[in-house]
Amino acid sequence: MQDISYNKRFEYNWDVPFKVTLGESYFRFLDGLKNKKILGNICPKCNGLHVPARPFCDKCLVEITKWYETSGIVTIESFSVTYVKFLGLPDPPHITGIVRAENAVTSFLHQIGGIPYDEPKELDEKTKIGMKLKPVWAEKRIGDIQDILYFTPVDA
Ligand SMILES: [Zn+2]
């Protein structure tokens, strides 16, 4: 019988440059970030608020053209604290969360920060589902999702 080692480690490098065409909805959403605005749009059929804005309602499959400026406040739906370094992500520990803008029917992924701690393991206990967060903006904004550096507790 052949001895197979499943613990063998390989090193990979994913460097995949690519271009996307944003379309009007995503372009307008990202462009709003330059002015510290988190824009959504509202489905004409179900009135669902989509944040980030998108071209079509996933539920009704109709085009969405009515725009809405959110308060910028989001709620944590789920999160994960990372204690190891990943390429392209902040130094650990850092928190990645699924957040939802007020009254939105959609969520998005972003970084969560500004939660004080003495020991990194405390972040698991101090970060709460349902916690309200506000955006922390980059000083220089270019119309990119990273114009929001991270979301931080409203009372921080
Ligand atoms: Zn809809």
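The values are calculated or read from the model by the stated rules, or taken from the named source; none is laboratory data. Just so we're clear, the structure is a prediction, and the values are computed from it rather than from any experiment. In this analysis, Cβ positions are derived from the backbone assuming ideal geometry, glycine residues included, and neighbour counts consider all displayed protein chains. The protein model used for the area step is the full one, side chains on, heavy atoms only, and it has no ligands, DNA or RNA in it. Shrake-Rupley method; radii C 1.70, N 1.55, O 1.52, S 1.80 Å.
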- Note on the structure: Checking T96, T82, T75, T65 in turn, the sole residue that is touching an Asp or Glu at 6+ places or on another chain (Cβ under 8 Å) and either polar (S, T, N, Q) or without any contact (Cβ under 8 Å) to a residue 60 or more places away in the chain (or both) turns out to be T75
- Out of the residues in the range 65-95 that are at pLDDT 95 or above and hydrophobic (A, V, I, L, M, F, W, C), state the one that is farthest from L22 (Cα to Cα). V81
- Message: Among the residues in the range 130-143, are any closer than 16 Å to L33 by Cβ, aliphatic (A, V, I, L, M) and open to solvent by 60 Å² or more (accessible area, probe 1.4 Å)?
- Response: yes
- Message: Conditions first: (1) in contact (Cβ under 8 Å) with a residue 12 or more places away in the chain; (2) under 16 Å from the mean Cα position of the chain (by Cα). A138 passes all but one, so which condition is the exception?
- Response: (1)
- Restricting to strands (runs of 3 or more DSSP E) lying wholly in the range 1-108: which have 1 or more residues that are more than 16 Å from the ligand (Cβ to nearest atom) and open to solvent by 30 Å² or more (accessible area, probe 1.4 Å)? 66-69, 74-82, 94-101
